[in-house]
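The values are calculated or read from the model by the stated rules, or taken from the named source; none is laboratory data. Please read all numbers here as calculations on a predicted model, not as lab measurements. In this analysis, Cβ positions are derived from the backbone assuming ideal geometry, glycine residues included, and neighbour counts consider all displayed protein chains. These accessible areas exclude ligands, DNA and RNA; they are computed on the full protein's heavy atoms, side chains included. Shrake-Rupley method; radii C 1.70, N 1.55, O 1.52, S 1.80 Å.
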Amino acid sequence: MKITVVGFWHAYPEAGEAASGYLIEENGFSVLIDCGSGVVSNVQRYIKLEHIDAVVVSHYHNDHVSDIGAFHYFRLLQPYIQTAPAKPVRVFGHRDDRNGFSGLSYKNIVEAEAYDENTPLQIGPFVFQFYPVQHAVPCFAMRIQGNSGCLFYTADTSYFEKMAEWAEGADLLIAEASLYSGQDGSGPGHMNSVEAGRLAAHAEVKELLLTHLPHFGNHQQLVKEAASVYDGMIHLAASGWNKTI
Ligand SMILES: [Zn+2]
Ligand SMILES: [Zn+2]
C-alpha cells in the first residue's frame, strides 16, 4: 500500500497545509484516514476527490474531522461537476460520541457507517482493526493490513504499554508526537517524542513516522529524542511525504 501524508499538524494547519489526514492506496482503491482542517484542499494535490473510495475518522476533534463538512459539500456539488455518475463513498466513524458520529452523515448524500473494536472491517483491499486509546474524547487507533504491508496509526493518545502489542511488527508506525521530551501529555491524551519512540521500540516496528507535530520548537529535535530509545528508521511527517510498504 502507498501511504501519503496529506496533513500532519496538531490542532490547526499552518499556511497552505493541513491538520491530520493520511491517504492510503492499493490496487486503485483509496482511503482517506482522518479529515482535519485543510485536508479536502490538500488531498487534491495527490488524488481527485471523486476517486476517494472511503473516509475513516479516528475521533471527532476538529483537527481530525472538520473538513468532513467540506467533503459533504463536494459530494453535494459532484453531479454538477462531472457527467459520469458519482461512485459511492463510504464514511466510517465510531459511535462512542453520538453527535460526532451523526455529523459524518449528510442528507441522503453521505450515510456514515460505524466501526467498533470488536469487528475487523474490510474496506476495499484493506482490513482495519480498531483499538480504543487514551485521549480527551473517545478515539481509536487503527491497524491496517494491506496485501503487501501493515500500517499502525496511533491517532491521538497518551502512551500506554498495551498499544505496543497492537502495533507489533507493523511495517510502518504512524505515531503522534505532539510534545517534546519531558513534556507530559497524559492529561489531554498526547504522546511526546520519547514515548512515540518507545512505542516503536516495544512494538518492534520496521519504521516510525512522527506526526501530529507541535507548532513550537524544532521538529528535528523530536527525531533525535525518539532515536534515543528506538534504533529503527525515523521519519518526520511533511506534506506529501509518502512511502509504499
Ligand atoms: Zn484529538
Ligand atoms: Zn489531534
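Within region 67-93, track down each residue that is over 23 Å from residue 38 (Cβ atoms) and either in contact with a Gly (Cβ under 8 Å, 6 or more places away or on another chain) or of a type in the set (Lys, Arg) (or both).
87
May I ask you to list the residues in region 200-226 that are out of contact with any strand residue (DSSP E or B) (no Cβ under 6 Å at 6 or more places or on another chain) and away from ligand 1 (no atom under 16 Å from the Cβ)?
Matches in region 200-226: 201, 202, 203, 204, 206, 216, 217, 218, 220, 221, 224, 225.
Are any residues in region 151-168 surrounded by fewer than 24 Cβ atoms within 10 Å (Cβ to Cβ) and within 14 Å of ligand 1 (Cβ to nearest atom), and if so, which ones?
Within region 151-168, 158 is the sole residue that qualifies.
Which condition number does residue 178 fail, the rest of (1) surrounded by 14 or more Cβ atoms within 10 Å (Cβ to Cβ); (2) without any contact (Cβ under 8 Å) to a residue 60 or more places away in the chain; (3) among the polar types (S, T, N, Q) being met?
Residue 178 satisfies every listed condition except (2).
Being in a loop (DSSP other than H, G, I, E, B), β-branched (Val, Ile, Thr) and open to solvent by 20 Å² or more (accessible area, probe 1.4 Å) is true for just one of 229, 194, 223. Which residue is that?
229
Say we look at region 57-100 and pick out the residues that are away from ligand 2 (no atom under 16 Å from the Cβ) and under 17 Å from the mean Cα position of the chain (by Cα); which of these is nearest to residue 135 (Cα to Cα)?
Selected residue: 92.
Looking only at residues in region 198-220 that are assigned to a helix (DSSP H, G or I) and closer than 21 Å to residue 58 by Cα, which one is farthest from ligand 2 (Cβ to nearest atom)?
Ranking the qualifying residues of region 198-220, first place goes to 203.
From the list 171, 116, exactly one residue is surrounded by fewer than 24 Cβ atoms within 10 Å (Cβ to Cβ), among the acidic types (Asp, Glu) and over 22 Å from residue 8 (Cβ atoms). Which is it?
Exactly one residue qualifies, and that residue is 116.
Going by what's in this entry, would residue 137 be described as within 16 Å of ligand 2 (Cβ to nearest atom), under 19 Å from the mean Cα position of the chain (by Cα), among the β-branched types (Val, Ile, Thr) and open to solvent by 20 Å² or more (accessible area, probe 1.4 Å)?
Yes.
Answer with yes or no whether residue 237 is in contact with a strand residue (DSSP E or B) (Cβ under 9 Å, 6 or more places away or on another chain) and under 24 Å from residue 61 (Cα atoms).
For residue 237, the condition - in contact with a strand residue (DSSP E or B) (Cβ under 9 Å, 6 or more places away or on another chain) and under 24 Å from residue 61 (Cα atoms) - is met.
For residue 136, work out the one condition from (1) out of contact with any helix residue (DSSP H, G or I) (no Cβ under 9 Å at 6 or more places or on another chain); (2) more than 16 Å from ligand 1 (Cβ to nearest atom); (3) farther than 20 Å from residue 241 by Cα; (4) not acidic (Asp, Glu) it doesn't fulfil.
(2)
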